[in-house]
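The values are calculated or read from the model by the stated rules, or taken from the named source; none is laboratory data. Worth saying up front: this structure is predicted, and the values here are computed from it rather than measured. As a convention, Cβ positions derive from the backbone with ideal geometry for all residues, glycine included, and neighbour counts pool all protein chains shown. Ligands, DNA and RNA are excluded from the accessible area calculation, which covers all protein heavy atoms including side chains. Shrake-Rupley method; radii C 1.70, N 1.55, O 1.52, S 1.80 Å.
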Amino acid sequence: MDSPYKDLDRPPLREAALRRALLVPGGLWRELDVLPETGSTNADLANRADEAEGLVLVAESQVAGRGRLDRRWTAPPRSGLAVSMTLAPNEVPVARWGWLPLLAGVAAASAVSRFTGVEVRLKWPNDLLVGERKLAGILAERAGSSVVLGIGLNVSLHEEELPVPTATSLLLAGAESTDRDPILRALLREVEEWYTRWRLAGGDAQACGLATAYTDACATIGRRVRVELPAKPTLEGTATGIDDEGRLLVAGPEGQVAVGAGDVVHVRPAG
Ligand code: BTN
């Protein structure tokens, strides 16, 4: 806790006010807790996956934050948002659940852009980018009959606090506001709104407008990409779109391939 930024620049989240604003009758969110510190909010909620959906867990600090593809997610205490939520869209065919992390990306990008004035784009599946630098990441994990969606957003990190030089924060991106309470409220409201629409459409991302919203926000579609696939040779080609299950379609030397998991690199055009 030696950070010179820790107190004045990084006020704590206001749990009671967040609860008043977000836990409303008939709404999706049922419980909201803010922990001063935990290992991983995703891991904590995975242990409660058998309860009804709508649990929200926020941590001011995570000591074992999990990222995609077995990576770690790290950030100084109160420098960002680390939030997880449980969803259980049981009437939606499981093949369409692949849209959930993309839905979270659309919701997060739209809430952040609207509230902070920073132009945010998505890298498939759901990294939030400012330019080519990563502002936020999303991890969706199956736990029993639920999905735990976790979002990590860098808010007030200074350059020397970034986990990697290719990351960024709202502060560094020149945000109009870095007040975490209203950003979290906007984020959870957007997730609720998109989730309700998607679910009512039986998980049909085209019918509920999610596919269009995703495509509009996505910087990957139309780009040359290199996809590092778990336990498979790297794939290179052009990202052409997203299929009904939320997979990235890549046109490469061997025709069109649908990618369900992997790390995408946007390849710069020559010259
Ligand atoms: C990634 O881009 O690799 C995904 C990062 C997800 C980080 C968030 S922070 C809140 C939640 N709890 C975790 O342990 N991970 C997610």
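Run down Leu172, Leu187, Leu210, Leu200 and say which single residue is in contact with a His (Cβ under 8 Å, 6 or more places away or on another chain) and in the same structural domain as Glu160 (by TED's automatic domain parsing).
Selected residue: Leu172, the only one of Leu172, Leu187, Leu210, Leu200 that is in contact with a His (Cβ under 8 Å, 6 or more places away or on another chain) and in the same structural domain as Glu160 (by TED's automatic domain parsing).
Which residue, of Ser61, Ser110, is of a type outside the set (D, E, K, R), away from the ligand (no atom under 16 Å from the Cβ) and not assigned by TED's automatic domain parsing to the domain that holds Asp243? Outline the logic, then answer.
Details: Ser61 fails: away from the ligand (no atom under 16 Å from the Cβ).
Going through Ser61, Ser110 in turn, the sole match is Ser110.
Based on what the data block shows, is Leu55 more than 8 Å from the ligand (Cβ to nearest atom) and either assigned by TED's automatic domain parsing to the domain that holds Arg180 or in contact with an Asp or Glu (Cβ under 8 Å, 6 or more places away or on another chain) (or both)?
The answer is yes for Leu55.
Report every pair of residues separated by at least 6 positions or lying on different chains whose Cβ atoms are under 9 Å apart, first residue within the stretch 15-26 and within 17 Å of Ala59 (Cβ to Cβ), second of a type in the set (D, E, K, R) and surrounded by 14 or more Cβ atoms within 10 Å (Cβ to Cβ).
Qualifying pairs under 9 Å: Glu15/Asp33; Leu18/Asp181; Leu18/Arg185; Arg19/Glu31; Arg19/Asp33; Leu22/Arg185; Leu22/Arg189; Leu22/Glu192.
Limited to the stretch 90-121, what total is found for residues that are open to solvent by less than 60 Å² (accessible area, probe 1.4 Å), polar (S, T, N, Q) and free of Cβ contacts under 8 Å to residues at least 60 places away in the same chain?
1
If you scan the stretch 130-159, which residues turn out to be open to solvent by 30 Å² or more (accessible area, probe 1.4 Å) and more than 22 Å from Pro182 (Cβ to Cβ)?
Gly131, Glu132, Arg133, Lys134, Ala140, Glu141, Arg142, Gly144, Ser145, Glu159, listed by residue number.
Just to verify a result, which residue in the stretch 176-225, among those that are touching a residue at least 12 places away in the same chain (Cβ under 8 Å) and in contact with a Cys (Cβ under 7 Å, 6 or more places away or on another chain), is farthest from Ala88 (Cα to Cα)?
Arg197
Output the residues belonging to the stretch 61-70 that are in contact with a strand residue (DSSP E or B) (Cβ under 8 Å, 6 or more places away or on another chain) and open to solvent by 20 Å² or more (accessible area, probe 1.4 Å).
Matches in the stretch 61-70: Gln62, Val63, Ala64, Arg66, Arg68, Leu69.
Residue-by-condition table, conditions (1) touching a Leu at 6+ places or on another chain (Cβ under 7 Å); (2) among the aromatic types (Phe, Trp, Tyr); (3) modelled with pLDDT of 95 or more:
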| residue | (1), (2), (3) |
| --- | --- |
| Ala95 | no, no, no |
| Gly105 | yes, no, yes |
| Ser110 | no, no, yes |
| Thr116 | yes, no, yes |
| Leu122 | yes, no, yes |
| Asp127 | no, no, yes |
| Gly131 | no, no, yes |
| Glu141 | no, no, yes |
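Output yes when any residue across the stretch 122-129 is assigned to a loop (DSSP other than H, G, I, E, B), more than 10 Å from the ligand (Cβ to nearest atom) and surrounded by fewer than 18 Cβ atoms within 10 Å (Cβ to Cβ), and no when none is.
Quick first cut of the stretch 122-129, residues assigned to a loop (DSSP other than H, G, I, E, B) only: 124-126.
Next, from what is left, pick out any that are more than 10 Å from the ligand (Cβ to nearest atom): 124.
Among the residues that remain, those that are also surrounded by fewer than 18 Cβ atoms within 10 Å (Cβ to Cβ) are: none.
Within the stretch 122-129, none of the residues are assigned to a loop (DSSP other than H, G, I, E, B), more than 10 Å from the ligand (Cβ to nearest atom) and surrounded by fewer than 18 Cβ atoms within 10 Å (Cβ to Cβ).
Kindly indicate the residue of the stretch 142-157 that is more than 9 Å from the ligand (Cβ to nearest atom) and in a strand (DSSP E or B) and also nearest to Arg78 (Cα to Cα) among those meeting that condition.
At the first step, the residues of the stretch 142-157 found to be more than 9 Å from the ligand (Cβ to nearest atom) are 142-147, 154-157.
Restricting the remaining residues to those that are in a strand (DSSP E or B) gives 142-143, 146-147, 154.
On the way: Arg142: 27, Ala143: 27, Ser146: 28, Val147: 25, Asn154: 10 Å.
Restricting to residues being more than 9 Å from the ligand (Cβ to nearest atom) and in a strand (DSSP E or B), the top hit is Asn154.
Looking at (1) touching a residue at least 60 places away in the same chain (Cβ under 8 Å); (2) out of contact with any helix residue (DSSP H, G or I) (no Cβ under 6 Å at 6 or more places or on another chain); (3) of a type in the set (A, V, I, L, M, F, W, C), which is the only condition Val130 fails?
It is condition (1) that Val130 fails.
Has the stretch 71-79 got any residue that is open to solvent by 30 Å² or more (accessible area, probe 1.4 Å), among the aromatic types (Phe, Trp, Tyr), out of contact with any Phe, Trp or Tyr (no Cβ under 7 Å at 6 or more places or on another chain) and near the ligand (Cβ under 9 Å from one of its atoms)?
yes
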